[in-house]
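This report concerns only the one structure given below.
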Amino acid sequence: MLKKKWGFSVLASVLLLSTVLTGCGGDDDKKTITFWTPLTGDDGAYMDQLVKDYNATNPEIKVKHVITADMYTKISTVLSSGKGVPDLSIIHADRVPGYVKQGVLEPMTDVIAAQPELKQDNYLPQAWSTGTIDNVQYSVPLDIHANVMYYNKDLLAKYGVESFLDDNVVTIDEILSLQGKLDEGDYVVNDALLGWVMLAQIQNLGGDIQQDGKPAVNTPVMKQAFEEVKKINDAGLMTPFGEDGYLMFQSGNVLFSTDGTWSSTAHAGVEGLNFGVTNVYSTSADKFTNRGSSHLFAMLKNEDRSEEKVAGIGQFLEFIRANSMEWAKAGQIVASKQVNESPEYQNYMQSFFTSNEQETQSLYIYTYEYYPYIAEAVDTYCGDIVRGNVDIDETLQTMQKFVEDKIAESAGAAQ
Amino acid sequence: MKKKMSLAPAFFVGPHIILFLVFILLPTIYGIYASFTKWNLMSDPTWVGLDNYRTILFDSSSTFHTQFTNGLKNTLLFVLFTVPILIVLPLLIAVSLEHKKVKGKGLIQAILYVPGLISISAGALIWLLLFNKQLGFVGNLFNSDVSWPANQPYAWIIIIVITVWGGVGGNLIIYRASISGVAQDLYESASIDGAGPIRRFASITLPSIRFPLIYTFVMTTAGAFNVFGQPLMMTDGGPRQSTHVLMMYIRQLAFGNGESIAGMASAMAVLLGIVILIISALQYYVMNRNAA
C-alpha cells in the first residue's frame, strides 16, 4: 500500500515537473524557419495556406508558421532572454522605428542582396519605405491594411445621394447635407475606427502629428479636425455613442462605415447587404486620406540565425512576393505589385485602393517613432471629444501631456 | 532508513513549492525590483530608485498620477459595489436552499455555479447583446432608451450584473458545504428552546461558518481589487474613463501600444498589492476579533 502511494506521488511529481520544464527548453530545428505572426484572426488561416503552398515547393528549409497571441509581449521576453527568438516574424509598421532605435531588428540587407526582385519598385512604395531607416532596409512588406469607408448601395439610392461617390471623396459637407432627411433609426456614418479617421483628417488638413521630432497633439490642426468630425455628431448623423455602429451598418441602418479593409469578408457574409468601398470621408474636397498600417516581414536580432536560414527566408519572401494572391482573400491590400497589378486581383474589392496613383498615395502610414503613443491618446479620447462629452481644449492638453509623459518614461529606458 | 522516510513529504509538497517559486515568488520579487526601474521589457532595467513612486503618488501634473488615482478610485468603487453582494447573496441562497421544502437543490446550485465556469469574454459578449439597445431585451423591459455601456450609472450596473452573475456560484458552494457541516442537533435543541429561524441563523449558522465567511470575504475582496476583464469587455473603461480600473492602466502601460513602460506599471502594481494586503489584513483582523 505504502509502495503504491509512493509510486503515485513520484509519478505525479515527475509529470508535473516535466510539464513545467518542457516549456523552458525547445531546440531550434536547424532545418526550419520559425515564423511568428500576430495573425490570430481569420487572416491566420490565409497565412497558413501561403506557408503550406511554399513548403509544397520543397524548399531546402521549410517554414513553420506560429500564430502568436500577445506577440509583442512574447517578443520582448525572448529578446531579453536571447532564447527562442523567431527566425522571421510579421510586425506592424508602427513598431519599426522603435525596434530599430532599440537595435533589435536585423537589417534585411543580406536577404535582399540574394533576391534581386525584393526591391522598392516591386512593392507599394510607402509599404516598402516604412522599413527604410537611414538608408538601411529593415523589413519587406506583405500588405497595407487601411481604414476605408464602406457604403450601403441601397441606402445611397434610397436617399438619392449616389452622387456623393462621383469624385471619390465624400466630404463632411456632403454628409451634413443629409441633416433632417433621414428616416428615424438611420444614420449617415458610424464611429468605427474613429481614431484612425481622426488621424486621416490631420493629413487632409495638411497637418502632422510631430514637429521636429516632438509630438504635436495639441495643435490647431488637431482641434480643427475634431471640430469638423464633431459637426457630424452634433447634426445627429453619426450612430449614437456606445452603440455598435459596425453592427448597425451590417443591419442596413447606416450609409457609411469607416472600418478596415479586413472587414470586407465579414460584410460579404451578411445576407442582403449590398455594399461597396470608397475613401474615408474628408474635410476637404481636394484631398482624401486612408490611414493605414502595414504587415511587414522582419528579422529580430538572433545570433543563431544561420546563413542558410537567411537564404531560406529570402526564398520564402520572394515566393510571397510572387504568390500572395491568397492574402487578398483576407481583404488586405497586397503590397507586391506583381500581385496587385494582376487581372485576378481586380476581382477583389480592395483593388480600388491601387486602381490609380492618387488612390495609392491616399494610403497613409505614419512613421513617427512615437506614433503608437499618439494613436493610443487619440483612441482613448476621440470618442468623448467628438461626442461633446468633454472640452476640446482641455482634453487636447491632456492628450499632449499623456504622450509627452509616456515618451519621457520610455526614452530613458531605451538608452 | 530515516533519511528515506523524510523524503516522502518533500515529494508531496515539492511540486507545489516549485510551482509557487517559479510562477509566484520569483515574478513577485522581480516585479518589485522592476518598480524601482525604468524598463521597456527588452533592454536592461535602469535603476531610478523611488522616482516611479514619487511620480505616481505626488506629481499631480503627471499622466501616471491621474491614471493611478482614477484607476484606484474606480477599483475601490467596484469593490464597494460588488463585494457585499457577492457575500450576502450567496449566503442567503445557501441558507434558503437548506429549507426542507426546497426541491432540486443540486440543480439550482448547478445553474448558479455554471456561469463561473464561462470565460469573462464569452459571458461579456452575451451580456452586451442582452443589454444592447436595439437587440437586447433590457431596452424593452425597462423601457430605457440609453446605451448602457456609454452612460452612467448604467455602465457600472452592467459591470456589477455580470460580476455577480459569474461570482455567486463559487461562494455559494463554500457556504453550502460549511452549512451542511453544522451539527443538526444544535438547530433541534434551539428549536426546542423556542428560537425562530432568524435567531437560529444569527446564533448558530453564522458563528459556525465563521472561518469560511472570513475566507470568502478576504478572497472575494482581493479578487475584486484585481478586476480587469469585466470593465474591459463591457465598457472599455468608458464613459469618460469612469469605469477604467487600475489593472487596465497597468496592462496598457506594460503591454500596450509602442514601447513598454514596465517600470511605472510595476510600481502601480506594487501599490495596488499593498492596498490589497492592508485591506485583507484589516478584514481578517476585524472579523476574527469580532467573531472570537
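Close contacts from the range B:235-261, counting a first residue that is without any contact (Cβ under 8 Å) to a residue 24 or more places away in the chain and over 26 Å from A:GLN102 (Cα atoms) and a second that is buried (at least 23 other Cβ atoms within 10 Å of the Cβ) and not charged (D, E, K, R), with Cβ to Cβ under 7 Å and a gap of 6+ residues or different chains, come to B:GLY237/B:PRO231; B:GLY237/B:THR243; B:GLY237/B:HIS244; B:GLY237/B:MET248. Per the listing A:ALA114, A:ALA192, A:ALA200, the residue uniquely buried (at least 22 other Cβ atoms within 10 Å of the Cβ), of a type outside the set (S, T, N, Q) and touching a Gly at 6+ places or on another chain (Cβ under 7 Å) is A:ALA192.
The one condition from (1) within 14 Å of another protein chain (Cβ to nearest Cβ); (2) part of a helix (DSSP H, G or I); (3) acidic (Asp, Glu) that B:GLU259 does not meet is (2).
At least 2 residues that are of a type in the set (A, V, I, L, M) and touching a Gly at 6+ places or on another chain (Cβ under 9 Å) in each: list the strands (runs of 3 or more DSSP E) lying fully within the range A:206-317 that qualify.
A:290-300
Among residues of the range B:171-204 being touching a helix residue (DSSP H, G or I) at 6+ places or on another chain (Cβ under 6 Å) and polar (S, T, N, Q), the one that is surrounded by the fewest Cβ atoms within 10 Å (Cβ to Cβ) is B:SER178.
Does at least one position in the range A:119-132 carry a residue that is modelled with pLDDT of 90 or more, in a strand (DSSP E or B) and under 23 Å from A:TYR72 (Cβ atoms)? Yes; the residues of the range A:119-132 include at least one that is modelled with pLDDT of 90 or more, in a strand (DSSP E or B) and under 23 Å from A:TYR72 (Cβ atoms).
For B:ILE56, the conditions (1) at pLDDT 90 or above; (2) among the hydrophobic types (A, V, I, L, M, F, W, C); (3) out of contact with any helix residue (DSSP H, G or I) (no Cβ under 9 Å at 6 or more places or on another chain) are fulfilled apart from (3).
In the range B:233-251, how many are within 14 Å of chain A (Cβ to nearest Cβ) and in contact with a Ser or Thr (Cβ under 9 Å, 6 or more places away or on another chain)? Give the steps one after another, and end with the answer.
Residues of the range B:233-251 that are within 14 Å of chain A (Cβ to nearest Cβ), as a first pass: B:233-244, B:248-251.
With the extra rule that they be in contact with a Ser or Thr (Cβ under 9 Å, 6 or more places away or on another chain), the set shrinks to B:233-237, B:241-244, B:250.
Within the range B:233-251, residues that are within 14 Å of chain A (Cβ to nearest Cβ) and in contact with a Ser or Thr (Cβ under 9 Å, 6 or more places away or on another chain) number 10.
Candidates A:GLU409, A:GLU369: the one that is modelled with pLDDT under 90 and in a loop (DSSP other than H, G, I, E, B) is A:GLU369.
Just to check your reading of the model, which residue among A:VAL111, A:VAL100 is free of Cβ contacts under 8 Å to residues at least 60 places away in the same chain and among the β-branched types (Val, Ile, Thr)? Can you show your working first?
Details: A:VAL111 fails: free of Cβ contacts under 8 Å to residues at least 60 places away in the same chain.
Only one candidate passes the filter, namely A:VAL100.
The C-beta contact set for the range A:209-233 (first residue on the phi < 0 side of the Ramachandran plot, second residue exposed (fewer than 15 other Cβ atoms within 10 Å of the Cβ) and part of a loop (DSSP other than H, G, I, E, B), distance under 7 angstrom, 6+ apart or interchain) comprises A:ALA216/A:ASP208; A:LYS230/A:GLY388; A:ASN233/A:GLY388.
Grab the helices (runs of 4 or more DSSP H) fully contained in the range B:1-78, keeping just those with 2 or more residues being more than 8 Å from chain A (Cβ to nearest Cβ) and buried (at least 16 other Cβ atoms within 10 Å of the Cβ). Don't jump to the end; show me each part of the working.
Values: elements: B:2-20, B:26-34, B:51-58.
The helices (runs of 4 or more DSSP H) meeting that bar are B:26-34, B:51-58.
Taken together, the criteria exclude A:LEU88 from residues that are more than 16 Å from the chain's Cα centre (by Cα), within 14 Å of another protein chain (Cβ to nearest Cβ) and modelled with pLDDT of 90 or more.
Taken together, the residues in the range A:338-366 that are hydroxyl-bearing (Ser, Thr, Tyr), closer than 25 Å to A:LYS287 by Cβ and outside any helix (DSSP H, G or I) amount to 3. As for the range A:103-111, it holds no residue that is part of a helix (DSSP H, G or I) and at the interface with another protein chain (Cβ under 10 Å from one of its Cβ atoms). Only helices (runs of 4 or more DSSP H) whose full extent lies in the range B:136-199 are considered here, and the ones with at least 3 residues that are more than 17 Å from B:THR216 (Cβ to Cβ) and either touching a residue at least 12 places away in the same chain (Cβ under 8 Å) or in contact with an Asp or Glu (Cβ under 6 Å, 6 or more places away or on another chain) (or both) are B:154-180, B:184-192.
Scanning the range A:361-389 for residues that are buried (at least 20 other Cβ atoms within 10 Å of the Cβ), within 14 Å of A:VAL229 (Cα to Cα) and more than 8 Å from chain B (Cβ to nearest Cβ) returns A:VAL378, A:TYR381, A:CYS382, A:ILE385, A:VAL386, A:ARG387.
The values are calculated or read from the model by the stated rules, or taken from the named source; none is laboratory data. Everything numeric here is computed off the predicted structure, so don't read it as measured data. Reconstructed Cβ throughout: ideal geometry from the backbone, glycine too, with neighbour counts over all protein chains shown.
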